[in-house]
Amino acid sequence: MLLEILLGIILLWDGYFFLKYLLSLFNPYKTRGHLPIISVLIPAYNEERTIVETIKSVLSQDYPNFEVIVIDDGSEDGTFEKANLVSHPNLRVFKKEHEGKARALNFGLSKARGEIIVTTDADTVLAPNALRGLIERIYSKEIVGVGGQVRVLGSSFLDRAQDVEHLRIAMFRRAKELEDLSVAPGPISAFRKDALEKIGGFVDSEVEDYATTKEIKKLGKVVYAPKAKAYTKMPKTLKVLWKQRKRWFIGDLKHLGGGFEKELGFLLLGDFIAFLDIVIPVVLILTKNWSLFTLFMGFEILTSLIPTVVEGGAVVNAVIFPFFLWYWAIFYLSLHVYGYFSELCHKI
């Protein structure tokens with residue numbers, strides 16, 4: 001009986017967000033047709049291999065009024081030289097001393113002429129309609145920020161796992177955060193310039209996107225733009241992935257605040273579900289409870305397949321989603337336990 005109850009908790013948790021996602025597909029979200037001037041900021045540090053592709057993807061946008069500002073944050077390679085190989089009247093390239101991403105963004109902000117500031121990373125390719133997708137979601141004066149959908153470039157197991165992860169995040173954001181986004185992601189975000197200036201610019205933090213989102217939400221709403229997509233490169237090894245996510249998670253912990261649903265309580269509840277995602281399938285196999293195991297596998301495949309088709313992912317990834325789910329549950333539960341103890345030790 002206990003096994004059935006615990007499995008039921010998983011299905012209710014995943015089913016709740018899946019149902020809200022399905023409902024969101026039939027309820028048009030708010031948009032507005034307007035074309036403000038945009039300044040796209042691209043901070044870059046040692047990105048000579050990708051910077052040209054990133055710049056070209058931004059310059060190829062289906063949008064009439066924008067400029068592109070590349071900020072070389074004291075790179076030690078040929079990033080600055082490679083960026084200057086691209087010739088375009090809408091492009092400006094600057095070089096400054098190395099001070100970190102947030103300060104590079106703020107340098108770009110000081111040079112920007114646009115009413116709207118868009119950020120992307122130097123290893124990211126924007127979909128051709130990404131700027132339009134962001135701007136149409138600034139449908140009223142209360143909207144001070146917009147975040148788009150991040151997808152992952154590459155075909156290795158780790159690349160596929162991370163793309164599946166971001167598709168799951170896309171489902172969650174459309175289901176739960178369409179009108180109240182918790183973080184406008186660095187690879188594709190837009191903010192009102194005057195709102196950024198009121199908060200003193202991008203927050204200088206190891207998680208500048210999350211910290212800036214939290215600060216700017218004091219002035220208005222930050223919303224999600226499902227049609228604005230950015231394809232970015234992610235860690236290629238488990239060691240680098242762990243290092244990246246550890247930095248993100250510990251950085252996020254420092255900015256957690258009140259409110260059960262979006263802060264520590266919600267985080268701990270998610271960790272409990274991750275623990276169940278790890279344990280329940282193993283127990284079902286060991287007890288040879290194939291009926292419940294089939295139910296679990298089928299349900300997880302279904303809740304992944306529909307968002308994958310809608311958002312343009314690889315169907316094969318959805319079919320083997322339960323295995324990715326198990327992988328991420330182990331990874332994040334381990335990471336979070338490490339993060340909790342690390343922060344606790346620092347406070348003792």
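Once you divide the Cα radius of gyration of the chain by 2.2 N^0.38 Å, the number left is 1.02.
Modelled spin-label separation between His88 and Leu219, with each label point placed 7 Å from Cα along the Cα-to-Cβ direction: 2.7 nm. Three principal axis extents describe the C-alpha atoms of the stretch 38-234; from largest down they are 43, 43, 33 Å. Based on DSSP H segments of at least four residues, each scored -39500 (n - 2.57), the chain has a per-residue ellipticity at 222 nm of -17500 deg cm²/dmol. When the Cα atoms of the stretch 226-339 are aligned to their principal axes, the ranges along those axes come out at 43, 33, 32 Å in descending order.
Note on Ile285/Glu142: beta-carbon distance plugged into 1/(1 + (r/R0)^6) with R0 of 41 Å gives a FRET efficiency of 0.20. Along the Cα-to-C-beta direction of Asp159, a point sits 7 Å from the Cα; which residues of the stretch 108-128 have their amide N less than 20 Å from that point? Residues 121-128 qualify, since their backbone N sits under 20 Å from the label point.
Ordering Ser155, Ser39 by the number of other Cβ atoms within 10 Å of each residue's own Cβ, fewest first, gives Ser155, Ser39. Sorting the segments 316-327, 109-120, 237-248 by their mean number of nearby beta carbons within 10 angstrom, highest to lowest, gives 109-120, 316-327, 237-248.
Applying a length cut-off of 30 Å (Cα extent along the axis) and a mean Kyte-Doolittle floor of 1.6 to the DSSP H helices of the chain leaves 2-25, 264-286.
Measuring max minus min along each principal axis, the C-alpha atoms of the stretch 107-182 give extents of 41, 29, 22 Å (largest first).
For the residues Arg151, Arg132, Arg49, a GNM of the chain with alpha-carbon springs under 10 Å puts the largest fluctuation on Arg49. With contacts taken as Cα pairs under 8 Å and at least 6 residues apart, the chain reaches a relative contact order of 18 percent.
Legend: distances between Cα atoms for Lys176/Lys229; Lys30/Lys229; Lys198/Lys218; Lys30/Lys101; Lys101/Lys214; Lys56/Lys141; pairs beyond 20 Å are Lys30/Lys101; Lys56/Lys141.
Each reported figure results from applying straightforward, stated rules to the coordinates on display, with no laboratory input. Since we're looking at a predicted model, the values are computed, not measured. Here the Cβ is made from the backbone with ideal geometry for all residues, glycine too, and neighbour counts use every protein chain on show.
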